[in-house]
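Enquirer: There's a structure below that I have some questions on.
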Amino acid sequence: MKKIYMIAMVAACAMMVFSCKNEGKGNKDADNAAQDAVEAVENAAEEAVDAISDAIEVAGDAAADAVSRTDEKLEKLGDILPFSAVEAKPSFNGGDANDFVKYVQKNIKYPENALENDIEGKVTVNFVVDATGKIRNARVVKGVDPELDAEALRVVSEAPAWAPAKQNGKNVPVTCSIPVTFKIVK
């Protein structure tokens, strides 16, 4: 920025030299001064171009470094952030999500208070099967009753590990969802 101001100052000086009226005296001095001003402006312009080129090169290097660091961070996030779609889905006890639904239904203990009050419904639970196959971050996304919601969360959270999902041959976390149906059989 300083060089740009210097160029402007030199240019202004050059303009003053050229605009001075000379009544025939010292034409040679005026010509020399004008030539010096032109050379000064040319030198300042070359320096400004060099400075701008250097700044562009530094900015380009900084941008390339930032992209590289961003790529590394995204790769690390890929190990943490769950996928929603993968090449190979996780499996539960050698089966699929239906086997997990059967496991959950088998291990549900209907809350007494909900039985007495005839509370039924479907609780939807989201969770992550992490890269090691463990269930993480289970949460109710559609509840029915606080007791039924808590029981669905308990069974899902305490489930045994899954075989993890795979993406590009690598174990990855994946988001899953399961409906847990509470139905009173009379």
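Bear in mind that the values in this text are calculations on the coordinates, not laboratory data. Just so we're clear, the structure is a prediction, and the values are computed from it rather than from any experiment. Neighbour counts run over all protein chains shown; Cβ positions are idealised from the backbone, glycine included.
Enquirer: From (1) buried (at least 18 other Cβ atoms within 10 Å of the Cβ); (2) part of a helix (DSSP H, G or I); (3) of a type in the set (A, V, I, L, M), pick out the condition that doesn't hold for residue 150.
Expert: Every listed condition holds for residue 150 apart from (1).
Enquirer: Another one. Restricting attention to the stretch 153-183, report how many residues are surrounded by fewer than 18 Cβ atoms within 10 Å (Cβ to Cβ) and aromatic (Phe, Trp, Tyr).
Expert: Residues in the stretch 153-183 being surrounded by fewer than 18 Cβ atoms within 10 Å (Cβ to Cβ) and aromatic (Phe, Trp, Tyr): 0 in total.
Enquirer: Further question: Say we look at the stretch 153-186 and pick out the residues that are charged (D, E, K, R) and not in a strand (DSSP E or B); which of these is farthest from the chain's Cα centre (by Cα)?
Expert: First, pick out the residues of the stretch 153-186 that are charged (D, E, K, R): 154, 158, 166, 170, 183, 186.
Cutting the leftovers down to not in a strand (DSSP E or B) gives us 154, 158, 183, 186.
Values: 154: 32, 158: 31, 183: 42, 186: 52 Å.
By that ranking, first place goes to 186.
Enquirer: Go through the stretch 80-119 and count every residue that is under 28 Å from the mean Cα position of the chain (by Cα) and of a type in the set (D, E, K, R). Before you say what the answer is, go through the steps one by one.
Expert: Initial filter on the stretch 80-119 (under 28 Å from the mean Cα position of the chain (by Cα)): 80-90.
Next, only the ones that are of a type in the set (D, E, K, R) stay: 87, 89.
Of the residues in the stretch 80-119, 2 are under 28 Å from the mean Cα position of the chain (by Cα) and of a type in the set (D, E, K, R).
Enquirer: A further question on this structure: Can we say residue 98 is of a type outside the set (A, V, I, L, M) and exposed (fewer than 12 other Cβ atoms within 10 Å of the Cβ)?
Expert: It is true that residue 98 is of a type outside the set (A, V, I, L, M) and exposed (fewer than 12 other Cβ atoms within 10 Å of the Cβ).
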